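Undergrad: Starting off with a structure, shown below.
The values are calculated or read from the model by the stated rules, or taken from the named source; none is laboratory data. Quantities reported herein were computed from a predicted structural model and do not represent experimental measurements. Because the Cβ atoms are built from the backbone with ideal geometry, glycine has one as well, and the counts that use them run over all protein chains shown. Side chains included, ligands, DNA and RNA excluded: accessible areas come from the protein's heavy atoms. Shrake-Rupley method; radii C 1.70, N 1.55, O 1.52, S 1.80 Å.
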Amino acid sequence: MTILDGKKISNDIKDEIAIDVQGMIANGEKVPHLAAILVGTDGASMTYVNAKVKACEKIGFNSTLIDLPEETTEAVLLEKIHELNTNDDIDGFIVQLPLPKHIDEQKVLMAIDPDKDVDGFHPTNVGRMALDLPTFLPATPFGIMELLERYNIETSGKNVVVMGRSHIVGRPMSILMSQKRKAGDATVTVVHSRTKNLADITRSADIIVAAIGISEYLTGDMVKDGVVIIDVGITRVPDETKKAGYRLAGDVDFASVSPKASYITPVPGGVGPMTIAMLLKNTLLARERHQAAK
Ligand code: GUN
């Protein structure tokens, strides 16, 4: 069993990007600038956004964090988005999800200029992804594709089961892995909360992408020997033995699944760090396109 070390691969990618940034600085060029909007004080979202900003600083990008209170109105948020859309210094930006319930998420995502949408959530970019056109791939699926590619995991003709149909992970994963591309050419099945005989389907999988958001749902009896496991889940599970009062768990029961797996991502240290690295990669790409358009 091989651990798919997302932390190491993400550090490799960040090192590669940092070299590009050094080149830009040496040439007196503008470095990439990422902005992030966070609304409210959700603990996990604050952690993720801070990690994204910190990663920018580490590799030499400019970053701006716009921290708005929970009670921010949709109109104020849309105004902020408009400001970022028209600010020529910002190459790309994200609005951290989930948003407070009084804000229409889809309306917000549609307000982002597709050319600055480094999360790849705008319908234009989702459509471009589905049609295999140049776009910004959503960071988590992009990170998983990169991880599969860098570990040379064969996906062509393999049975892939994607667990979950979210707009952020499950749906794009199912599209990307079925496409004619690196880490693609797979036969993809999407399973979800209405699926019947789910364990029969997962037992037939060569590769499982678990993204359902239920901690330790996938157990050893639901997989075959030699399976490749990508665990996207990250949930805080109460644990009094930990100083923080919780531990982080994936959607996969690592203890029972890992002995049967050929490759498996750990939680934490698997998919999570890749998401951040690919967001930086998208920001680099946004800057390139932005400069070329001038
Ligand atoms: N919430 C969970 N994952 C993501 C992500 O990739 N981007 C944003 N903006 N919010 C998220």
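Undergrad: According to a simple spin-label model (label point 7 Å from Cα along Cα-to-Cβ), what is the distance in nm between Asn50 and Tyr151?
TA: So the two model labels end up 2.9 nm from each other.
Undergrad: Once the principal axes of the Cα atoms of the range 18-151 are found, what is the range along each, listed largest first in whole angstroms?
TA: Largest first, the range 18-151 extends 43, 34, 29 Å along its Cα principal axes.
Undergrad: A further question on this structure: Between Ala130 and Asp185, what length comes free when the chain is fully extended (0.36 nm per residue of separation minus the Cα-Cα distance, one decimal in nm)?
TA: On the way: separation 55, 0.36 × 55 = 19.80 nm, distance 1.42 nm.
Full extension of this stretch gives 18.4 nm more.
Undergrad: Mind ordering 148-160, 258-270, 116-128 by average Cβ neighbours within 10 Å, highest first?
TA: Values: 148-160: 15.8, 258-270: 19.4, 116-128: 21.0.
Ranking, from highest mean packing down: 116-128, 258-270, 148-160.
Undergrad: Note down the net charge around Asn50, summing +1 for each Lys or Arg and -1 for each Asp or Glu among other residues with Cβ under 13 Å from its Cβ.
TA: That works out to 0.
Undergrad: Over the range 6-106, how many pairs of lysines fall under 25 Å by alpha carbon, counting only those 8 or more apart in sequence or from different chains?
TA: Lysine pairs meeting the criterion: 18.
Undergrad: Out of the total accessible area of the range 141-282 (probe 1.4 Å, heavy atoms of protein only), what percent is carbon and sulfur?
TA: Its accessible area is 50 percent carbon and sulfur atoms.
Undergrad: Additional query: Which distance in nm do the two modelled labels at Thr2 and Met24 give, with both placed 7 Å along the Cα-to-Cβ direction?
TA: Simple spin-label model gives 3.3 nm for this pair.
Undergrad: Ignoring ligands, DNA and RNA, please state the percent of accessible area on the range 1-101 from carbon and sulfur, probe 1.4 Å.
TA: In the range 1-101, the share of accessible area belonging to carbon and sulfur is 53 percent.
Undergrad: To continue, here is another question. Around Thr187, what is the net charge, scoring Lys/Arg as +1 and Asp/Glu as -1 over all other residues with Cβ under 14 Å from its Cβ?
TA: -1
Undergrad: Follow-up. Tell me the label-point distance for the pair Thr241, Leu78, using the 7 Å Cα-to-Cβ offset, in nm and rounded to one decimal.
TA: Here the answer is 5.1 nm between the modelled labels.
Undergrad: Can you work out the accessible area per residue across the chain, with the rest of the protein chains kept in place, probe 1.4 Å, in square angstrom?
TA: Accessible surface, normalised per residue, equals 47 Å².
Undergrad: Continuing with this model, one more query. What is the Cα centroid distance between the range 40-73 and the range 132-194, reported in whole angstrom?
TA: Between the Cα centre of the range 40-73 and that of the range 132-194, the gap is 27 Å.
Undergrad: A further question follows. If we count every other residue with Cβ under 12 angstrom of Asp231's Cβ, Lys/Arg +1 and Asp/Glu -1, where does the sum land?
TA: Details: positive: none; negative: Glu216, Asp251, Asp253.
So the environment of Asp231 carries a net charge of -3.
Undergrad: Rounded to the nearest 500, what is the chain's calculated 222 nm mean residue ellipticity when only DSSP H runs of at least 4 contribute -39500 (n - 2.57) each, over all residues?
TA: -12500 deg cm²/dmol
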